[in-house]
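What follows is calculated from the coordinates using simple rules that are stated; it is not laboratory data. Computed from a predicted model, the values in this text were never measured in an experiment. Using ideal geometry, Cβ is built from the backbone for each residue, glycine included, and neighbour counts are taken over all protein chains shown.
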Amino acid sequence: MSRIAVIGGGAWGTGLSIVLGRKGSHQVRLWAYEKEVCESISSHRMNLLFLAGERIPESVSPTNSLEDALRGAEIVLSVMPSNHCRRLFQSMGPHLKSHMLFVTATKGLEEGTLLQMSEVIKQVLTHANAFSPRIAALSGPSFAKEVARGDPTAVAVGSQDEELARTVQSAFSDPTFRVYTNDDVVGVELGGALKNVIAIAAGVCNGLGLGHNSVAALITRGLAEITRLVVACGGRQETMAGLAGLGDLVLTCTGGLSRNRSVGVELGRGRRLPEIISGMHGMVAEGVLTTNAAVGLARARGVEMPIAEQMYAILHNGKSPAEAIRELMTRTAKSETGLYRN
């Protein structure tokens with residue numbers, strides 16, 4: 001039996017806890033910031049705040065105490081919003097040990113530093129705890145609701161540590177949750193984070209009343225700019241053709257359960273970002289913050305990301321969504337493959 005601490009009681013953390021708990025071979029502790037989450041799990045075996053309707057196995061124990069969650073843990077699964085990752089790992093520091101295995105399932109980048117979540121975790125623990133943690137990243141097309149109810153799902157675990165990747169693969173896999181290994185952790189993490197930016201743009205198209213042609217073009221060109229940045233950061237192009245790239249991008253750009261796409265839909269309909277966020281009742285759309293980091297990272301690496309730039313202008317400069325789409329369509333003519341010089 002493995003002892004697993006899941007840090008983050010939102011929809012995705014709860015969904016993964018259900019996956020781990022239903023195997024019957026793990027002891028799972030789910031840490032949630034919100035006391036009402038722990039109370040609803042204890043009373044109803046459901047997270048009524050973030051994932052109502054999905055039963056949580058008895059093997060999953062909720063707690064508001066980081067110390068309790070981490071006591072005796074062999075695997076620490078990090079599923080908090082990206083903007084809380086550094087602070088929470090600093091708080092967890094006294095309870096973390098060098099033998100623990102760390103898995104990040106947060107699909108975002110740290111604003112300001114532009115770091116991937118695995119890099120944030122490594123930086124915090126190397127500095128404060130004086131050990132270099134073994135870290136893997138879990139990503140892929142996976143709506144929490146569908147994962148929780150047992151719909152067949154496939155994801156990727158990224159790590160250059162083959163033993164770690166296979167351990168995570170074994171611990172997380174079950175008949176409805178298939179995990180593939182991938183040694184391209186940069187590609188797995190950046191693919192999972194950057195697709196949220198393109199998903200907001202796909203939602204904008206929907207909100208503007210545009211059709212399937214527009215969304216198909218957006219997904220295709222979005223994948224092209226994500227791939228450029230991934231390769232510039234040391235990741236591999238082929239990873240972007242897989243689960244953490246194309247798979248997650250298609251899901252998040254087209255699926256009705258996508259919070260990032262939903263934000264874009266409302267922007268396309270003319271609503272302002274603060275109003276949209278206030279109506280999400282604590283749910284997080286990672287793409288809003290990731291857009292800032294994506295644009296910053298692209299500029300630092302000298303990579304052109306026109307869709308991300310336009311989403312940044314809509315989100316933070318009040319640009320009209322219709323004007324942003326017009327500018328994307330009237331850019332200087334390009335070669336799709338780069339074989340011709342323009």
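Packing-wise, with mean Cβ within 10 Å as the measure, how do 200-209, 296-305, 314-323, 186-195 rank, highest first?
Details: 200-209: 23.8, 296-305: 16.5, 314-323: 14.7, 186-195: 30.6.
Going by the mean number of other Cβ atoms within 10 Å, highest first, we get 186-195, 200-209, 296-305, 314-323.
In debye to the nearest 20, how big a dipole does the stretch 254-337 give about its Cα centre with +1 on each Lys and Arg Cβ and -1 on each Asp and Glu Cβ? Each step should come with its number before you reach the end.
Values: 11 positive and 8 negative charges, 11 e Å.
Charge dipole, the stretch 254-337, about its Cα centre: 60 debye, nearest 20.
Cross-link partners among aspartates and glutamates for K334, C-alpha distance below 17 Å, same-chain residues fewer than 8 apart left out?
Cα-Cα hits under 17 Å: E225, E304.
Can you tell me the dipole magnitude for the chain around its Cα centre, using point charges on the Cβ only (Lys, Arg +1; Asp, Glu -1), in Debye to the nearest 20? Don't skip to the end; give the middle numbers.
Working: 34 positive and 31 negative charges, 67 e Å.
The dipole of the chain has a size of about 320 debye.
In the chain, which whole DSSP H runs stretch at least 20 Å along their own axis (Cα) and average 0.0 or higher on the Kyte-Doolittle scale? Intermediate results must be reported in sequence, preceding the final value.
Details: long enough: 185-207 (34 Å, 1.34); 212-232 (30 Å, 0.88); 286-301 (22 Å, 0.31).
Span-like helices here: 185-207, 212-232, 286-301.
Using only Cα atoms, what Kirkwood radius does the stretch 192-234 have, in angstroms?
On the way: mean 1/r = 0.0926 Å⁻¹.
Here the Kirkwood hydrodynamic radius works out to 10.8 Å.
Indicate the gyration tensor shape class of the stretch 211-306 (rounded, prolate or oblate), computed on the Cα atoms with a ≥ b ≥ c the square roots of the eigenvalues: a/c under 1.5 is rounded; otherwise a/b larger than b/c is prolate and the rest oblate.
Details: a/c = 1.93, a/b = 1.49, b/c = 1.30.
Taking the square roots of the gyration eigenvalues as a ≥ b ≥ c, the stretch 211-306 is prolate.
Roughly how many Å is it from the Cα centre of the stretch 34-96 to that of the stretch 227-298, as a whole number?
Between the Cα centres of the stretch 34-96 and the stretch 227-298 lies a distance of 24 Å.
Just going by the charge dipole of the chain, with Lys and Arg at +1 and Asp and Glu at -1 on Cβ, which of T239, N317, Q90 is farthest out on the positive end?
Value: N317.
Taking a cut-off of 14 Å between Cα atoms, list the aspartates and glutamates near K145, but don't count ones fewer than 8 places away on the same chain.
Partners found: E54.
Specify which labelled value, from (1) 96, 52, 33; (2) 59, 38, 36; (3) 64, 51, 39, agrees with Cα extents along the principal axes in Å derived from the coordinates of the model shown.
Only one option fits the structure, namely (2).
Taking amide H positions as placed in the peptide plane 1.01 Å from N, state which residues far from A154 in sequence (5 or more) or on other chains have amide H under 5 Å from it.
R178
Which value, in debye to the nearest 20, gives the size of the charge dipole of the stretch 87-208 about its Cα centre, when Lys and Arg are +1 and Asp and Glu are -1 at the Cβ? All intermediate terms of the calculation are to be shown ahead of the outcome.
Numbers: 10 positive and 12 negative charges, 64 e Å.
For the stretch 87-208, the charge dipole is close to 300 debye.
Kindly work out what percent of the DSSP beta bridges joining two residues of the chain are antiparallel, to the nearest 5.
Details: 6 of 34 bridges.
Of those bridges, close to 20 percent are antiparallel.
Where both residues lie in the stretch 2-183, what percent of DSSP beta bridges are antiparallel, nearest 5?
On the way: 6 of 34 bridges.
Once the DSSP bridges in the stretch 2-183 are tallied, antiparallel ones form about 20 percent.
With the dipole of the chain worked out from charges on the C-beta (+1 for Lys and Arg, -1 for Asp and Glu) around the Cα centre, which of H44, A333, L109 lies farthest toward the positive end?
The one lying farthest along the dipole's positive direction is A333.
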